[in-house]
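These notes concern the structure reproduced below.
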2 protein chains.
Amino acid sequence: MSDKLKLTNQVCFPLYQLAKEVINLYRPILKDLDLTYPQYLVMIVLWEEGRQNVSEIGTKLHLDSGTLTPLLKRLEQKKLIQRKRNQIDERIVTISLTGHGKKLREKASCVPDQIVASLKMTTNELQQLQNVIGNILNQINK
Amino acid sequence: MSDKLKLTNQVCFPLYQLAKEVINLYRPILKDLDLTYPQYLVMIVLWEEGRQNVSEIGTKLHLDSGTLTPLLKRLEQKKLIQRKRNQIDERIVTISLTGHGKKLREKASCVPDQIVASLKMTTNELQQLQNVIGNILNQINK
DNA sequence: CACGATTAAATCGTGCACAACTTAATTTTG
DNA sequence: CAAAATTAAGTTGTGCACGATTTAATCGTG
């Protein structure tokens, strides 16, 4: 295999690896909140933007109903969210936070701190990484 | 939430997103080989380094037996690999390529080309990304 | 207004990832 | 040498990700 071709593996595998490791950094921290990383992402969307449809959450997190429906059912079982069919358009399910769900935001406020600590990166390095990843995502989706 | 804390989400979510999208780039290409991305990684290890134990593959790919055992069984069902208990140490299962598995290497040789094309990145950009990711992985695991 | 197209969510099936545990073989050590 | 410790792989259970399909509601157009 040529060097150029080998390089692809040497980029994609570490990327796959890094994403897994970062989620593994979240795991023990989020365990205290009884959340997984994707569940945490849904909670962030709801904390920051309030009640919304399943498909709106899906658009923001790039997740389809096949992933979201069971995930949201688990958040509902934990009494963090409420799922309610829209009266006007019965196809739509609106997701809203319960009191318990809103309250969890405080407890979750220290999560990013802990992640930054384990990432061992400066604010500058984080910003650079954000830019690099953002550029690639833009280029892929162009 | 402070800007600094928000930055963590703005880095980790895009990273999680990018890793998913890159694997989604592989999906249709690898479908022609009837492989998933993790299966492809196992095949690469075997193509490049030959027969080895389950645990050696696991160390290289950072996957445990809970992930590898069923994955390897699927590769065996596809007649790409052979699983054989070591005669001397019966705990060890050695994985080796079948003729079919070795032959697949040729067909797979064009995969990185296609990925590079969809990533729309230059060799230079790829090398930079490799360095950035490598540095972070080193720092996390320090 | 009715019927075909579209939309939203749910469902089903496959496969990966990881934690926790089990099983069986081997190694260590008292 | 035998019991305890360790090791390798397998098993079980939970949850995510995604493709494909289904169901039910709504929309659009003739």
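The values are calculated or read from the model by the stated rules, or taken from the named source; none is laboratory data. Note that the structure is predicted; figures quoted are calculated from it, not measured. Counting neighbours? That spans all protein chains shown, and the Cβs are built from the backbone with ideal geometry, glycine included. Remember, those area values only see protein heavy atoms, side chains included, never the ligands or the DNA or RNA. Shrake-Rupley method; radii C 1.70, N 1.55, O 1.52, S 1.80 Å.
Below is a table of values for the structure above.
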item: Highest-fluctuation residue, B:GLN82, B:GLN130, B:GLN17 considered, GNM on chain B with Cα pairs under 10 Å; result: B:GLN130
item: 1.4 Å probe accessible area per residue over the range A:37-106, in Å²; result: 59
item: Delta accessible area of at least 50 Å² on complex formation, residues of the range B:111-140, 1.4 Å probe, chain isolated as reference; result: B:PRO112, B:LYS120, B:LEU126, B:LEU129, B:GLN130, B:ILE133, B:ILE136, B:LEU137, B:GLN139, B:ILE140
item: Environment charge of B:HIS62, counting only residues whose C-beta is closer than 9 Å and scoring Lys/Arg +1, Asp/Glu -1; result: 0
item: Chain A: calculated mean residue ellipticity at 222 nm from DSSP helix runs of at least 4, using -39500 (n - 2.57); result: -23000 deg cm²/dmol
item: Positive dipole terminus of chain B, leading residue within B:SER109, B:PRO14, B:LEU126 (C-beta point charges); result: B:SER109
item: Long-range amide H partners of A:THR94 with built H, under 5 Å; result: A:LYS84, A:ARG85, A:ASN86
item: Prolate/oblate/rounded call for the range B:3-108, Cα gyration tensor, a/c under 1.5 rounded; result: oblate
item: Sulfur and carbon atoms: percent of accessible area, chain A [1.4 Å]; result: 49
item: Karplus-derived 3J(HN,Hα), 6.51/-1.76/1.60, for each residue of the range A:107-121, Hz, glycine and proline x; result: 4, 7, 5, 8, 4, x, 3, 5, 5, 4, 4, 6, 5, 6, 10
item: Accessible area buried at the A-B interface, both sides summed, 1.4 Å probe (Å², nearest 100); result: 5300
item: Flagged links, alpha-carbon separation over 28 Å, of A:LYS142/B:LYS20; A:LYS31/B:LYS120; A:LYS31/B:LYS6; A:LYS31/B:LYS142; B:LYS31/B:LYS120; A:LYS6/B:LYS79; result: A:LYS31/B:LYS120
